[in-house]
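The values are calculated or read from the model by the stated rules, or taken from the named source; none is laboratory data. These numbers were taken from a predicted model, which means no experiment stands behind them. Here the Cβ positions follow ideal geometry from the backbone for every residue, glycine too, while neighbour counts run over all protein chains shown.
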Amino acid sequence: MIEITDGDYRDRIQSGTTLVDFSAPWCMPCIRMENHVEAFASNNPDINVYKYNIDKGIDIWNKIKKEFSIRSIPFIVIYRNGEVVASDVGYKSSEDLQKILDNIN
């Protein structure tokens, strides 16, 4: 899974369908969810899947927290051509992520 930062975030979400997993290395649910996000990415090769470490990226995370009133992680956002089409907070299995994607298609 590719890690994105404040510098390339906007460019990466502009084309196609993109899932961004906001997480941190100290977050146990985030660590548990990582394999599920990777499995989701493997099962959906046409979807761009990125990891955003909130400890490394401040600007985008602060905007996301404010926009979605987020108080905890993990948090996922799904974009289609730069527009938010879904978001959810908390631990998700690969099946949960697939259901979210299926509901927007």
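Some notes on this structure:
- Within the stretch 92-101, the set of residues being in a loop (DSSP other than H, G, I, E, B) and either in contact with a Leu (Cβ under 6 Å, 6 or more places away or on another chain) or surrounded by fewer than 16 Cβ atoms within 10 Å (Cβ to Cβ) (or both) comprises just one member, 93.
- Residue 56 vs. criteria of a type in the set (Lys, Arg), modelled with pLDDT under 95 and either touching a Lys or Arg at 6+ places or on another chain (Cβ under 6 Å) or part of a loop (DSSP other than H, G, I, E, B) (or both): yes
- Within the stretch 59-82, the set of residues being at pLDDT below 95 and outside any loop (DSSP other than H, G, I, E, B) comprises 59, 60, 61, 62, 63, 64, 65, 66, 67, 68.
- Criterion: at pLDDT below 95 and aliphatic (A, V, I, L, M) - qualifying residue of 47, 31, 100, 4: 4
- Counted residues, the stretch 56-81 - those being exposed (fewer than 13 other Cβ atoms within 10 Å of the Cβ) and either farther than 15 Å from residue 9 by Cα or aliphatic (A, V, I, L, M) (or both): 6
- Test: residue in the stretch 28-36 that is more than 16 Å from residue 99 (Cα to Cα), assigned to a loop (DSSP other than H, G, I, E, B) and touching a strand residue (DSSP E or B) at 6+ places or on another chain (Cβ under 7 Å): no
- Every residue from the stretch 37-53 that is under 14 Å from the mean Cα position of the chain (by Cα), without any contact (Cβ under 8 Å) to a residue 40 or more places away in the chain and assigned to a helix (DSSP H, G or I): 38
- Qualifying positions in the stretch 5-27 - of a type outside the set (Phe, Trp, Tyr) and either part of a helix (DSSP H, G or I) or in contact (Cβ under 8 Å) with a residue 60 or more places away in the chain (or both): 10, 11, 12, 13, 14, 15, 16, 17, 18, 19
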